[in-house]
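Structure, as structure tokens:
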Amino acid sequence: MEKNAYLESDKSSFLKASPAWLLGVPLVCLLMLLFIHLGGWNRSLFLLLNGFAQNFAERIWINLSFFADGLVVFVVLFPLVRKKPEYIWAVLIASLLFLIFGQGMKQLIGGARPPAVLDPQEFRLIGPKLTRNAFPSGHSTTIFALCGVFCLTTAKNWLRVLLLLFAAIVAFSRISMGVHWPQDVVAGALLGWVLIWAGLKLAPLMKWGWQGLGQKILGALLVADCVLVGVVNHTGHDEMMIEQRLIALVFLIWGSIEYVKIFRSSSSKNSNPP
């Protein structure tokens, strides 16, 4: 009875998660940050985890990290443009908030990344040698925002667990690639969860963006995003271009099918007035 009352009270923001889920994830992240910071475990934990990741092929981590790229996230969301455009808007709002707060933290706190501190022989670096603006991890923020939009809007706990596990593995790939410390990744996960919660709360204010002309413009922008991801290598991993183009093509076709249905639905309504 209490659970139904809670869901009904938050219906306008699409949230279906209980307070235990809403608060549990950020609380765990905060405890992990305290553990790493107070124990002085950041460096040693990075070396341990990066060393473990060396048991797996580099390409695995490159592919996983790819799904946390900002442009790729909206490629993956494109098929929702007709049935769940509000989810896309929630992630878009979270992304805009990250540009303000997340990038602001990066510039304010800065922080040297592992390649700027450690000897190259101590760890494995995959890809470009990034040295600045470590805290928080933008990729970790992005993947937790993407998975969070589904975690917080589904009523299935097993799906939440799978999504969080996937998000954690993708975030872990940033340590595996040698470009982020554990505290960067955990802070990014915390920030992503908070921002997508804010995005879902604010999304109802953007109804103009997921219906009528606004929905069609959103779809057009997502088409452009798919094309961009399929053409431009902005990740710095040339070996990833085959997978990148394949993913962009699959979601472009899938999303375009849904996008066309929006126009067909509009035409049908216009030809059959009440």
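Coordinate-derived values only; no laboratory data. These figures come from a predicted structure and were not determined experimentally. All Cβ positions, even for glycine, are placed from backbone atoms using ideal geometry, and neighbour counts span all protein chains on display.
Things worth noting here:
- Mean Cβ neighbour count within 10 Å, used as a protection proxy, ranking 106-115, 185-194 highest first: 185-194, 106-115
- Cα centroid separation - segment 10-66 against segment 124-154, whole Å: 9 Å
- Taking the chain and dividing mean pair separation by its residue count, relative contact order in percent (alpha carbons under 8 Å, at least six apart): 29 percent
- Ellipsoid fit via the Cα gyration tensor, segment 172-232: semi-axes of 31, 21, 5 Å, each the root of five times an eigenvalue, largest first.
- Pair-distance profile P(r), taking every C-alpha pair of segment 202-249, with 5 angstrom steps and integer %: 5, 21, 19, 14, 12, 12, 11, 5, 1
- Calculated diffusion of the chain, Stokes-Einstein form, Kirkwood radius summed over Cα pairs, 10 °C and 1.306 mPa s, µm²/s: 80 µm²/s
- Summary of packing: across the peptides 139-150, 201-212, the per-residue average of other C-beta atoms within 10 Å ranks them, highest first, as 139-150, 201-212.
- Percent RCO, i.e. relative contact order, over segment 174-274, from Cα pairs under 8 Å lying at least 6 residues apart: 18 percent
- For segment 141-197, trypsin sites (Lys or Arg not before Pro) meeting the loop criterion (DSSP other than H, G, I, E, B) and having at most 15 other Cβ atoms within 10 Å: LYS156.
- Put simply, when 15-26, 121-132 are sorted by average Cβ atoms within 10 angstrom per residue, most first, you get 15-26, 121-132.
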